[in-house]
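Bear in mind these aren't lab numbers, they're just calculated from the coordinates by the rules spelled out. Note that the coordinates shown come from a computational prediction; the quantities given were computed from them, not determined experimentally. Note that we place each Cβ from the backbone using ideal geometry, even for glycine, and neighbour counts take in every protein chain shown.
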Amino acid sequence: EKFKDGLTKTRDNFSGKVNDLVARYRKVDEDFFEELEEILIGADVGFETVMELIDELKMEVKRRNIQDPREVQAVISEKLVDIYEGAGEEKSSLNIQSEGPTVILFVGVNGVGKTTTIGKLAHKFKEEGKNVLLAAGDTFRAGAIDQLEVWGDRVGVGVIKQAEGSDPAAVMYDAIRAAKSRNVDVLLCDTAGRLQNKVNLMKELEKVKRVIEREIPGAPHEVLLVLDATTGQNALIQAKTFKEATNVSGIVLTKLDGTAKGGIVLAIRNELNIPVKFVGLGEKLDDLQEFDAEKYVYGLFA
Ligand code: GDP
């Protein structure tokens, strides 16, 4: 239901157009596929992914000898799920350690919804009975530390911080020490979101990761890149940059409720080979859903 509601805009845009297309054509021909291609590109599915999808569809239509455009609709759903799942084996679930603390690092540019996502996940873990701690690793942006504290208060979890402008690696060091002594299960770490200088970004993330790894071998257990679905192809460009700067283990795609172009999920998965682990479907605490390709595609047409 959450998926369905969160995808209202994309559904109205995408499936509305597909329904209209299917109703207008009497047989499945080249023109039909060309129009479908345009609809998919318009939904931000991404050029490469659209080409792959159209090829697959053409083959399937030929194989099953489908003549009626109405029958193509089901095949589109099938192929969308196939494309998502065929891109890799990784699960959308997080790599949570049975013996804590599990360390999750959040990366992404300012404004994408990083702090909100940390708050939502902290809430989710707390509901599961886990002991959660936050680390205010964005010491660069004015107000970032306060903003994280607001979320900490709202959810009822502690925040480890230092003064603005301090070394993020030192904050992480403190946070890990605190996590160990307080028997924390999950430590959620914010980081600075500047992207203007890739070398600096890379250096800062490397230093932060080195400190974490030194204190807890094998950590960070997840590096989640937060992307804003409403920025469309820009999100894809950001993802490529971050992927070059650090090992990203998963993506959180926020504001899927705010775009009519939810096809970006498929582009990200297929073109970057990084699993989408969560999607943000609203501003409230429980508006974060573990991503599920079938539910997503169902939500597009339901
Ligand atoms: P940060 O700078 O990356 O930490 O971004 P914030 O967490 O401050 O979020 C920026 C804005 O996006 C805020 O107004 C959030 O309420 C909003 N936001 C975050 N996630 C979502 C989402 O999934 N859906 C919607 N509609 N808004 C979101």
Inset, instruction - Send over the per residue convex hull volume for the range 1-111, Cα only, as a whole number of Å³. - result: 165
Legend entry - Distant-in-sequence amide H partners of V159 (H built 1.01 Å from N, under 5 Å): L134
Inset, instruction - Please give the net charge around A267, taking every other residue with its beta carbon less than 9 angstrom from that of A267, where Lys and Arg add +1 and Asp and Glu add -1. - result: -2
Inset, instruction - Obtain the nm distance between the two label points defined at E48 and D146 by a simple spin-label model: each point lies 7 Å from its Cα along the Cα-to-C-beta direction. - result: 4.2
Legend entry - For the range 237-243, 3J(HN,Hα) per residue [Karplus equation, 6.51 cos²θ - 1.76 cosθ + 1.60, θ = phi - 60°, Hz, x = Gly/Pro]: 5, 4, 4, 5, 5, 5, 5
Inset, instruction - Would you tally the net charge around G258, using a Cβ to Cβ cut-off of less than 9 Å, leaving G258 out, and scoring K and R as +1, D and E as -1? - result: 0
Legend entry - Using alpha-carbon coordinates, inclination of helix 114-127 to the longest axis of the chain, degrees: 80
Inset, instruction - Quote the relative contact order of the range 1-147 in percent (integer), defining contacts as alpha-carbon pairs under 8 Å separated by 6+ residues. - result: 15
Legend entry - Cα-based radius of gyration of the range 100-206 once divided by 2.2 N^0.38 Å, which approximates compact folds: 1.00
Inset, instruction - DSSP loop (so not H, G, I, E, B), at most 15 other Cβ within 10 Å: list which chymotrypsin sites (Phe, Trp or Tyr not before Pro) in the range 1-109 pass both filters. - result: none
Inset, instruction - Could you tell me which of rounded, prolate or oblate describes the range 105-156, using a ≥ b ≥ c as the square roots of the eigenvalues of the alpha-carbon gyration tensor, with rounded for a/c under 1.5 and, failing that, prolate when a/b is larger than b/c and oblate otherwise? - result: prolate
Legend entry - Positive minus negative residues near E48 (Lys, Arg vs Asp, Glu; Cβ under 15 Å): -3
Inset, instruction - Would you mind getting the Kirkwood hydrodynamic radius of the chain from its Cα pairs, rounded to one decimal in Å? - result: 20.2
Inset, instruction - Using a 10 angstrom cutoff on alpha carbons, build the Gaussian network for the chain and name the most mobile of G262, G193, G250. - result: G193
Inset, instruction - Compute the acute angle (0 to 90°) between the alpha-carbon long axis of helix 144-155 and the principal axis of greatest extent of the alpha-carbon atoms of the chain; round to the nearest 10°. - result: 80
Inset, instruction - Can you list which of the trypsin sites (Lys or Arg not before Pro) found in the range 138-204 are DSSP loop residues with at most 16 other C-beta atoms within 10 Å? - result: R141, R182, R194
